[in-house]
1. Mean Kyte-Doolittle of at least 0.5 and a Cα length of 20 Å or more along the axis: which whole DSSP H helices of the chain meet both?
2. As a test of the definition: which semi-axes, in Å, follow for the chain when you take the square root of five times each eigenvalue of its alpha carbon gyration tensor? Largest first, please.
3. Take the solvent-accessible surface of the protein heavy atoms, probe 1.4 Å, and return the percent of it on the chain that carbon and sulfur atoms account for.
4. In Å², what does the accessible area per residue of region 36-153 work out to with a 1.4 Å probe?
5. In square angstrom, rounded to the nearest 10, how much accessible surface does F148 have for a 1.4 Å probe?
6. What does the C-alpha gyration tensor say about the overall shape of region 1-88? Classify as rounded when a/c is under 1.5, otherwise prolate if a/b is larger than b/c, or oblate.
7. In nm, give the distance between the simple-model label positions of I23 and W97, each being 7 Å from the Cα along the Cα-to-Cβ direction.
8. How much length is gained on full extension from A158 to T52, taking 0.36 nm per residue of separation minus their Cα-Cα distance?
Amino acid sequence: MRKYFEICSGTKAILGTLASVLILMMVVFPALPIGGESLDGRFGYTHSEAVTALESYGESGRRVYAWGSMTLDLLLPLLYASFMVGLIYRFRPAERWWMLAYLPLGVALLDLGENVQVVLMLTGYPNISVGQVAAASLFTSLKVVTFFLCLALGIVLAVVAGIRRSR
């Protein structure tokens with residue numbers, strides 16, 4: 001894993017993964033014709049909100065959304081985790097802190113778990129249980145919180161490193 005962390009912490013890797021994440025999130029995903037706001041783009045949702053969203057997508061939108069979740073949205077967690085791994089590993093304040101770079105991999109696993117839950121709801125519609133929606137919403141909420149915590153950690157470490165270098 002350390003070799004992966006070292007690769008991710010290179011300038012080209014950090015810039016490349018950041019650019020790829022931005023393209024996917026700002027260009028590709030919004031262009032998918034799903035017919036509404038994606039569930040995994042929210043902080044969380046209730047059973048009625050999920051059913052309303054799934055219904056609004058229509059059969060074609062649910063099919064496109066499921067395809068996107070199983071393809072493009074498998075790539076996105078790998079890219080953003082690699083970006084955050086690179087920031088955290090590169091700007092760690094001391095060598096002994098290298099294991100912090102594992103944290104974004106946990107975020108990616110939560111995202112993948114969310115993708116599985118969302119696909120199950122998309123393909124199982126209209127038979128969506130309250131428990132299934134609660135599990136999917138929990139994965140979504142945990143992903144959002146941990147994503148921003150890891151991103152903040154990477155940014156803070158980079159800023160601190162920049163301040164130290166300027167002194």
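The values are calculated or read from the model by the stated rules, or taken from the named source; none is laboratory data. Remember, it's a predicted structure, so these values are computed and weren't measured experimentally. Backbone-built Cβ (ideal geometry, glycine too); neighbour counts: all protein chains shown. Keep in mind that these areas ignore ligands, DNA and RNA; they rest on the heavy atoms of the full protein, side chains included. Shrake-Rupley method; radii C 1.70, N 1.55, O 1.52, S 1.80 Å.
1. Details: long enough: 47-70 (24 Å, -0.49); 72-90 (27 Å, 1.49); 103-124 (32 Å, 1.35); 130-166 (54 Å, 1.66).
Sorted by number, the helices that extend far enough and score high enough are 72-90, 103-124, 130-166.
2. Values: eigenvalues 233, 49, 31 Å².
Rounded to whole Å, the semi-axes are 34, 16, 12.
3. Numbers: 6260 of 8890 Å².
With neighbouring chains kept in place, the figure for the chain is 70 percent.
4. Numbers: 5520 Å² over 118 residues.
Heavy-atom SASA per residue in region 36-153 reads 47 Å².
5. The accessible area comes out at roughly 120 Å².
6. prolate
7. 3.2
8. Working: separation 106, 0.36 × 106 = 38.16 nm, distance 4.17 nm.
Between A158 and T52, full extension yields an extra 34.0 nm.
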